[in-house]
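The structure under discussion appears below in the form of structure tokens.
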Amino acid sequence: MNIPAKKIYRGLLLIGCFLASSVSANVAPAEPAAAAAASTAPAVVMVEETEARKSTSTADHSKFEELKKNFKNGPEVTKACLTCHTEAAQQVHSTKHWTWEFLNPATKQKLGKKNIINNFCTSVTSNQTFCSACHVGYGWSDDKFDFTSENNVDCVVCHDTTGKYKKLPGLSGHPNYEVMEWPPHSGKFREPTDLKTIAQKVGKTSRATCGACHFYGGGGDAVKHGDLDSSLKEPQKYLDVHMDAKGLDFSCGKCHLSDSHEVSGSRYAPTAVDDNGALMRGDKGDRNPTTCVACHGKAPHPPGTAAVEKLNSHTDKIACQTCHIPAYARGNKATKMTWDWSTAGKLDEEGHRIQKRGSDGNVIYDSKKGDFTFERYVIPEYVWFNGEVKFTLFGDKVDTNNVVKINEFQGSAGDPDSRIWPVKTFRGKQPYDVGNETLGVFHTAGGDDSAFWGNYDWDKAMAWGMKAMGVEYSGEMVFVETEMSWPITHMVAPKEDALKCDQCHRENGRLQNIGGVYMPGTNNTPMLDWLGYAAALMALIGVLIHGGIRYYMSKRG
Amino acid sequence: MKRIYIFKRFERFWHWSQAALIITMLVTGFEVHGSYDLLGFKTAVTTHTTAAWSLVWLWVFAIFWHFTTGEWKQYIPTTDKVAAMFRYYLTGIFTDAPHPFKQTRLSKHNPLQKLAYLFVLAVINPLIWITGWFYLFYNDWAAWGVDFLNLEYVAFFHVVAAFMMLIFVIAHIYLGTAGHTPTAHIKAMITGWEETED
Amino acid sequence: MKYIIGALAMLVLVAVIALTQAQNLMFNITPSPYGVEETAARIQENIQRMEGRGWALSGLRNPAAAVAASGSNVPPVLLVEACSTKYSGPLLKIENSRIYSILMPCTITVYKNDDGSTSIGTMNAGLMGWLFGISDIMDEVFADQQAFITFDPSRPAPPLIKGRPGGGGGDGKPEAGC
């Protein structure tokens, strides 16, 4: 038998071709479907909440005399609300939606938006007129705001059903009552807010009302969290099985059960683990109802095969989210991954502000803010987490030679109350006051001379910001690298899309950096393997030699 | 040449099903360990677990059989003729020298074989079974009060034992060809009848 | 007997090699330092800069969007399509080589890996040409393709060109580049 080498090679390639074509044949059917879907699928539809959802309330607010008037401003609407809902404002007063303060009972750290410095726009202090666009109140423009005022509670921002109510940055938490150009210098104008219609159509909170702020954290759609963005307003099933607009259609409140305006669930003191099983209605106690376990129980995978049992037993180490949210920012919005303030302030030759966009259309440089990077469909980072988060607050000493952890998730492999959680870790560079040895607070926006967005002068902006914090700016600032993390818990994928075993149980798998736990399949005893295979190979060679000699000797007779 | 009936039906069934299970567990076990990607991690784990339970049951029957038939005595070691066996494998086998051990129904394993099987029974098996059992019931460690154990070490010794088993299998298969003809022992293990020199 | 066994062993060996190597032979996978969108946009830009060789973009496909619409998640993937009349013309002119229109337009895939990195996949045009006896054309396609996926980091990220800039193709209008 003598086959020319070249022929074999060709034959081999033809087999290869055949295989390759069979592979592509398997993929091919998806193509026409893709084309069809692309051509027939409508653009993103913003469903008007009123028309889409029929109210099931026993009260038609448009029939209420108190609401049949032309309101001049938000507080007047609130005053009307309070004539019936007499206790509502006081209830809101005790929530962190109003106080922007949160005392962590475990660490005793004073948190909340009012106190923490993040690595996005960094700090609320000295920038209230802008930040308070997401405050459930009216008129918070500086530290003199009256937190006891009932009429300054904004009822409508959470209870609007029209989608027409918008609080704009710079108005200290008010919507526009007059015609206003928005976005600034865009040539587009917003009509005065129709408070009468909005007040008459109030209803339950919805993904749209919660999302009006929570989807836009960090200054834009999808920017901060990655697992919360406007694609969750009317999401398809692939994006979130629970919120699927054509399926279960959960509102935020379905999980974030609320009582007396206190909304459950927290990123300051999250529930990392709950071993108590499903939460029955009427259950007394202080368990957080906003967890997977609260509904799905301790053994969420229906019992059956050994493989399924193994999934259930994984819950002693792994949070549900780790497998069931294989990636975040899976909608059509990219989330911000880094923000470098140190490059802010570059202007073009004529001294004008520069804006550069990336290939996906997102702004990647802005003179006002510096450099950004964005990413869609992001693979999370993973950490051991027991529910305790420690923050680096204003005044806390930091080591500027290392990356400053603005918050740090506590927990470890050895701690029975820790689970492996997916997180978004946001990295950046931000101002640091060298003399005061603290993260810097600077004045970002405002019509005055000191706002960084007006004159691009760090020293002026810092001087103003630090003063608002009650500290004299030392005059010297540098940029420090910072890191801040958020647990990933929204955008739960359909079960078919959960992580497969070997996405972690393999070399360089998803959990390669988690540490502290032995994971089969990760090839983590290289020394033993080397010795073992060498010994086995030597045994094999030994018997082959032995056999060879036997064969040779027998042939020789 | 004389034919004697050495391996009884259950023994042969035990041998071959055990061989199949051990090879299956070696193949899947090293995949679970992370040495290669063949069946996929999930399939490897479930196959390994299923094979382990099958082997447990096979052993329950085998232990019962060995004690009721008295065949367990075949595994009592002896130092007699061990040196002669070594010498035979190192030189005699090449020159067709007479085998120093005479196989009979009452003594079917040669002295070296007895020692090797004793090593399997007394060292490899306990190591692989005990570590395997803890590995399998990893989630019950706390309930058993053994949560001072560390999976890393349990897995380590399980793999050590697996390598020893792999080496045993290689040697065992090769020595299976060391009869008076290369297939003589293998045929005996299939039919039960061994041809011996008289 | 020996020859038959030898031949069988050879066949098995060939089949095993083919099975394990088919993917490597037919396709080239190259890592990209950029994200999926930027990689695709830079490839598009490179293609547009090769206008002199008859190249033009004929479309950008997003198969992941279709999978999402059917209720499932797949990591981002974009198919950049381009065509050059310089190469398509000669192949389409001759009856025997008209079947190779099946390879048109030239597609480059850009996708995200499970570790977050980006890969570029190209068809091994050189091998195709050699296999089907159209080496003269396909070798040039291969060389051009390499130029498409060679990036100049000093250039800023170009915007991604969505849709089908060359028209529909199927709607009777001429497709750019082909």
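Structure summary
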| quantity | calculated |
| --- | --- |
| Residues of the stretch B:145-177 classified as facing chain A (nearest Cβ under 8 Å) and not in a helix (DSSP H, G or I), total | 2 |
| Whichever residue in the stretch A:493-551 is assigned to a helix (DSSP H, G or I) and of a type in the set (Ser, Thr, Tyr) and, among such residues, is nearest to the chain's Cα centre (by Cα) | A:Tyr533 |
| Selection count where residues are in contact (Cβ under 8 Å) with a residue 24 or more places away in the chain, in a helix (DSSP H, G or I) and not hydrophobic (A, V, I, L, M, F, W, C), scope the stretch C:82-113 | 7 |
| Filter result (in a helix (DSSP H, G or I) and under 19 Å from C:Thr122 (Cα atoms)) within the stretch C:47-68 | C:Ile47, C:Gln48, C:Arg53, C:Pro63, C:Ala64 |
| Selected residue (only one of B:Glu152, B:Glu194 is in contact with a His (Cβ under 9 Å, 6 or more places away or on another chain) and of a type in the set (D, E, K, R)) | B:Glu194 |
| Residues (surrounded by 12 or more Cβ atoms within 10 Å (Cβ to Cβ) and within 13 Å of chain A (Cβ to nearest Cβ)) located in the stretch C:94-104 | C:Leu103 |
| Filtered residues of the stretch A:54-80 (kept if under 21 Å from A:Gln90 (Cα atoms), free of Cβ contacts under 8 Å to residues at least 60 places away in the same chain and in a loop (DSSP other than H, G, I, E, B)) | none |
| Boolean, C:Tyr34 is surrounded by 18 or more Cβ atoms within 10 Å (Cβ to Cβ) and in a loop (DSSP other than H, G, I, E, B) | yes |
| Top-ranked residue of the stretch A:520-542 - restricted to ones that are at the interface with chain B (Cβ under 9 Å from one of its Cβ atoms) and under 12 Å from B:His33 (Cα atoms), ranked as surrounded by the most Cβ atoms within 10 Å (Cβ to Cβ) | A:Pro520 |
| Test for A:Lys310: is it among the basic types (Lys, Arg), within 14 Å of chain B (Cβ to nearest Cβ) and exposed (fewer than 14 other Cβ atoms within 10 Å of the Cβ) | no |
| Given (1) surrounded by 15 or more Cβ atoms within 10 Å (Cβ to Cβ); (2) touching an Asp or Glu at 6+ places or on another chain (Cβ under 8 Å), number of the condition A:Pro303 does not satisfy | (1) |
| Failed item in (1) modelled with pLDDT under 90; (2) more than 30 Å from A:Tyr552 (Cα to Cα); (3) in a helix (DSSP H, G or I); (4) within 14 Å of chain A (Cβ to nearest Cβ), with B:Phe86 passing the rest | (2) |
| Filtered residues of the stretch A:220-238 (kept if part of a loop (DSSP other than H, G, I, E, B) and either within 13 Å of the chain's Cα centre (by Cα) or of a type in the set (Lys, Arg) (or both)) | A:Gly220, A:Asp221, A:Ala222, A:Val223, A:Lys224, A:His225, A:Gly226, A:Asp227, A:Leu228, A:Asp229, A:Lys233, A:Lys237 |
| Pick from the stretch A:504-519, criterion touching a residue at least 40 places away in the same chain (Cβ under 8 Å) and within 11 Å of chain B (Cβ to nearest Cβ), ranking: nearest to B:Glu152 (Cα to Cα) | A:Val517 |
| Residue that is outside any loop (DSSP other than H, G, I, E, B), on the phi < 0 side of the Ramachandran plot and away from chain C (no Cβ under 12 Å), where the choices are A:Tyr382, A:Tyr365 | A:Tyr382 |
| Residue in the stretch C:125-140 that is within 12 Å of another protein chain (Cβ to nearest Cβ), under 30 Å from A:Gln512 (Cα atoms) and of a type outside the set (Lys, Arg) present | no |
| Residue within the stretch B:102-125 that is assigned to a helix (DSSP H, G or I), within 22 Å of the chain's Cα centre (by Cα), of a type in the set (Ser, Thr, Tyr) and within 13 Å of chain A (Cβ to nearest Cβ) present | no |
| Candidates A:Trp464, A:Trp421 - the one that is of a type in the set (Phe, Trp, Tyr) and closer than 30 Å to A:Thr322 by Cα | A:Trp421 |
| Pairs where the first residue, in the stretch C:38-60, is within 20 Å of C:Pro90 (Cβ to Cβ) and within 14 Å of chain A (Cβ to nearest Cβ) and the second is part of a helix (DSSP H, G or I) and at pLDDT below 90, C-beta under 6 Å, 6+ apart | none |
| Boolean, B:Ala142 is closer than 26 Å to B:Met25 by Cβ and either among the small types (Gly, Ala, Ser) or more than 10 Å from chain A (Cβ to nearest Cβ) (or both) | no |
| Within the stretch A:266-288, tally of residues that are out of contact with any Lys or Arg (no Cβ under 7 Å at 6 or more places or on another chain) and either in the same structural domain as A:His159 (by TED's automatic domain parsing) or in contact (Cβ under 8 Å) with a residue 60 or more places away in the chain (or both) | 6 |
| Test: residue in the stretch A:113-127 that is of a type in the set (D, E, K, R), under 30 Å from A:Asp396 (Cα atoms) and not assigned by TED's automatic domain parsing to the domain that holds A:Thr162 | yes |
| Selected residue (only one of C:Gly116, C:Gly121 is of a type outside the set (Ser, Thr, Tyr) and in contact (Cβ under 8 Å) with a residue 40 or more places away in the chain) | C:Gly121 |
| Answer from A:Thr125, A:Thr193, A:Thr148, A:Thr162 - the residue that is within 25 Å of the chain's Cα centre (by Cα), in a loop (DSSP other than H, G, I, E, B) and of a type in the set (Val, Ile, Thr) | A:Thr125 |
| Residue satisfying all of: in the stretch C:46-72; buried (at least 19 other Cβ atoms within 10 Å of the Cβ) and in contact with a Pro (Cβ under 8 Å, 6 or more places away or on another chain); farthest from A:Ala493 (Cα to Cα) among these | C:Ala56 |
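A quick yes/no check of all residues on (1) within 16 Å of the chain's Cα centre (by Cα); (2) free of Cβ contacts under 8 Å to residues at least 60 places away in the same chain; (3) surrounded by fewer than 16 Cβ atoms within 10 Å (Cβ to Cβ):
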{"site": "B:Tyr5", "(1), (2), (3)": "no, no, yes"}
{"site": "B:Ile22", "(1), (2), (3)": "yes, no, no"}
{"site": "B:Val45", "(1), (2), (3)": "no, yes, no"}
{"site": "B:His48", "(1), (2), (3)": "no, yes, no"}
{"site": "B:Trp53", "(1), (2), (3)": "no, yes, yes"}
{"site": "B:Gly70", "(1), (2), (3)": "no, yes, yes"}
{"site": "B:Lys73", "(1), (2), (3)": "no, yes, yes"}
{"site": "B:Thr79", "(1), (2), (3)": "no, yes, yes"}
{"site": "B:Met85", "(1), (2), (3)": "no, yes, no"}
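The values are calculated or read from the model by the stated rules, or taken from the named source; none is laboratory data. The structure displayed is predicted, hence computed values, not measured ones. Backbone-built Cβ (ideal geometry, glycine too); neighbour counts: all protein chains shown.
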